Amino acid sequence: MRVTFPTPRGPVDVVKGVSFTLGRERLGIVGESGSGKSMTGRAILKLIRAPGRVTADRLAFDGIDLLALPEKQMRAIRGARISMVMQDPKFSLNPVMTIGSQIAEALLTHQQLGRGDIRKRVRAMLEAVRIDDPNRVAKLYPHEVSGGMGQRVMIAMMLIPEPDLLIADEPTSALDVSVQAQVLDIIDELVRRTGMALIFISHDLNLVSSYCDRILVMRGGEVVEECAAGQLGNAKHPYTRGLLAAIPRIDETRDELPVLDRSGWAA
C-alpha cells in the first residue's frame, strides 16, 4: 500500500509499499513522527482525501476489496466494522453536542433502534469505559469533562457499534501518565471481551512491547522490521536498535542519551 501526495517537486510517497496481514490479534505500529504510522491507519479507513492518493495491490477486509468500494458502501463499514480512536479528544468530539448524543449518533448511523434501547446502550457503553454516573456524564458537553474522560468517551463512541477492527492512533498521548494506564486497561479489557482485532499506533516501544502481540517498526513510510512483541529487545535493524537505545530508564547512568545515526541505513 502506498499513500502519495503531490508537491511542487513532484509526487511524494509518505507510505511506501507497506504490507501486512492482521488476524484477531493486537498489532503494534511504532516509529518516529512522520514515519507513516497514522497515514497507514487512515488509509485503511479510506480517510485520505484528495489530492492525497492511496494505491495498493490489494486492500482487503474480511474478503471485501476496500479500494473498489464506493464511498456509500465504505461508510457502512467505517465505524460499524472498522473504527478509529484519534489522538486528542479535544479535536475529535463535537463541541456543540452532548456526550450522550454523540455516542448515540455513532450507534444510529449503523443501526435502527428505539429511544429506550439507545439510552440503555449508551449507558452500558459509558459504564464499560468505567465512567461513574453515566446518566449525568451523558448530558455534559465535551468542554465539561477532563482529557482522560474525553478519551474514554471517544473509545465508547468507537466501540458502541461493536466493530471487528479497532485502530487506536496514540490514544494516550494527550493524557497524564496517571490516566494512561487506565485508558489502556479499558481498551485491553474490551478487546479481549469482544475478540476484535486491534492496530495500536504509538511512539512508546516499551508500552507496545508489553501490550501487543506483534510489532511493525516503520521508518520513512516503510516497514523496516517485524517481530513478536516479546522479542522486540532482540530486534536486529539499526533503526530499531537506535530507538531502543534512546529510551531513558529510571536507573539511567549515561550522561546523555544516544542520538540516532541515520547514515548508511538500508530500509
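Within the shell of other residues whose beta carbon sits under 14 angstrom from the beta carbon of P163, the net charge comes to +2, with Lys and Arg scored +1 and Asp and Glu -1.
Ordered by the number of other Cβ atoms lying within 10 Å of each residue's own Cβ, fewest first, L205, L69 fall into the sequence L69, L205. Among the chymotrypsin sites (Phe, Trp or Tyr not before Pro) within segment 18-102, those in coil by DSSP and having at most 15 neighbouring Cβ atoms inside 10 Å are F20. Across segment 1-143, the convex hull enclosing all Cα atoms gives 167 Å³ per residue.
Rg and Dmax over the alpha-carbon atoms of the chain stand at 19.5, 63 Å. In order along segment 15-31, phi translates into HN-Hα couplings of 10, 10, x, 5, 9, 6, 10, 9, x, 7, 8, 10, 9, x, 10, 10, x Hz, rounded to whole numbers, per the Karplus curve 6.51 cos²θ - 1.76 cosθ + 1.60 with θ = phi - 60° and x for Gly and Pro. Legend: Rg and Dmax of segment 112-210, from Cα coordinates, 13.9, 44 Å. The lysine pair count for the chain, using Cα distances under 27 Å and pairs eight or more places apart or on different chains, is 12.
Counted by neighbouring Cβ atoms within 10 Å, the residues Y211, Y141 run from fewest to most as Y141, Y211.
When K236, K120 are arranged by Cβ crowding within 10 Å, least crowded first, meaning fewest neighbours, the order is K236, K120. Each part reduced to its alpha carbon centroid, segment 165-197 and segment 15-52 end up 18 Å apart. With respect to the chain, whose longest principal axis is taken over its alpha-carbon atoms, helix 115-128 is tilted by about 40°. Less than 14 Å Cβ to Cβ from G147, Lys/Arg counted +1 and Asp/Glu -1: what total charge do the surrounding residues give? Surrounding charge for G147 is -2.
Residue separation of E189 and R75 scaled by 0.36 nm, minus their Cα-Cα distance, works out to 38.3 nm of gained length. Each Lys or Arg adds one and each Asp or Glu takes one away; over the other residues whose Cβ falls under 12 Å from the Cβ of R192, this sums to -2. DSSP bridge analysis restricted to segment 2-227 gives an antiparallel fraction near 40%, rounded to the nearest 5.
Between D213 and T98, how high is the FRET efficiency from 1/(1 + (r/R0)^6) when r is the Cβ-Cβ distance and R₀ = 51 Å? Nearest 0.05. It comes to 0.90. Positive end of the dipole of the chain (Cβ unit charges, origin at the Cα centre): among V54, Q111, G147, the Cα lying farthest that way belongs to Q111.
Computed from the coordinates by the stated procedures, all read-outs in this text should not be read as laboratory data. Just so it is clear, the model here is predicted, and its values are computed rather than measured. In this analysis, Cβ positions are derived from the backbone assuming ideal geometry, glycine residues included, and neighbour counts consider all displayed protein chains.
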